[in-house]
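Right, one structure below, let's go through it.
Only the coordinates and a few stated rules stand behind these numbers; no lab work does. Remember, predicted model here, so these are calculated numbers, not experimental data. With ideal geometry, Cβ positions are generated from the backbone for all residues, glycine too; neighbour counts draw on all protein chains shown.
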């Protein structure tokens, strides 16, 4: 199964923007390093942005808005869900307490990025 063009397009645009803005005033690093954006397969392909700090990760699934889906945050065009590779599935609830500053910073940055793209 190949990656849908729409997913790959989001991966590339998101990756370029994060490479340019992460760690700067528009998106503080909060101790994390931006590692990559890539398509990941979770029952379907989705764009994922990955960040790491020491032995921890926080990742964000960024998909086109779908009001029928549960999401952490919703921007004008995108739904955001976070997860961590280093936390067992049954314990994913601890990520917010551990990574709240990074989660909030990513969501705020993505909302600004999405709004700026409206006219693009």
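Among the residues of the range 40-53, those that are touching a helix residue (DSSP H, G or I) at 6+ places or on another chain (Cβ under 9 Å) and surrounded by fewer than 16 Cβ atoms within 10 Å (Cβ to Cβ) comprise 44, 53. In this structure, is residue 58 under 14 Å from the mean Cα position of the chain (by Cα) and closer than 19 Å to residue 13 by Cα? For residue 58, the condition - under 14 Å from the mean Cα position of the chain (by Cα) and closer than 19 Å to residue 13 by Cα - is not met. Number of residues in the range 26-37 that are touching a residue at least 24 places away in the same chain (Cβ under 8 Å), touching a strand residue (DSSP E or B) at 6+ places or on another chain (Cβ under 6 Å) and in a strand (DSSP E or B) equals 1.
The sole residue among 17, 26 that is more than 14 Å from residue 102 (Cα to Cα) and surrounded by 12 or more Cβ atoms within 10 Å (Cβ to Cβ) is 17. Checked against (1) assigned to a loop (DSSP other than H, G, I, E, B); (2) free of Cβ contacts under 8 Å to residues at least 24 places away in the same chain; (3) farther than 18 Å from residue 115 by Cβ, residue 3 passes all but condition (2). Residues in the range 61-75 that are outside any strand (DSSP E or B) and under 13 Å from the mean Cα position of the chain (by Cα): 71, 72, 75.
One residue stands out among those in the range 76-93 that are surrounded by 17 or more Cβ atoms within 10 Å (Cβ to Cβ) and over 18 Å from residue 30 (Cβ atoms): the one that is farthest from the chain's Cα centre (by Cα), which is 77.
For the range 94-120, filtering for residues that are in contact (Cβ under 8 Å) with a residue 40 or more places away in the chain and buried (at least 17 other Cβ atoms within 10 Å of the Cβ) leaves 8.
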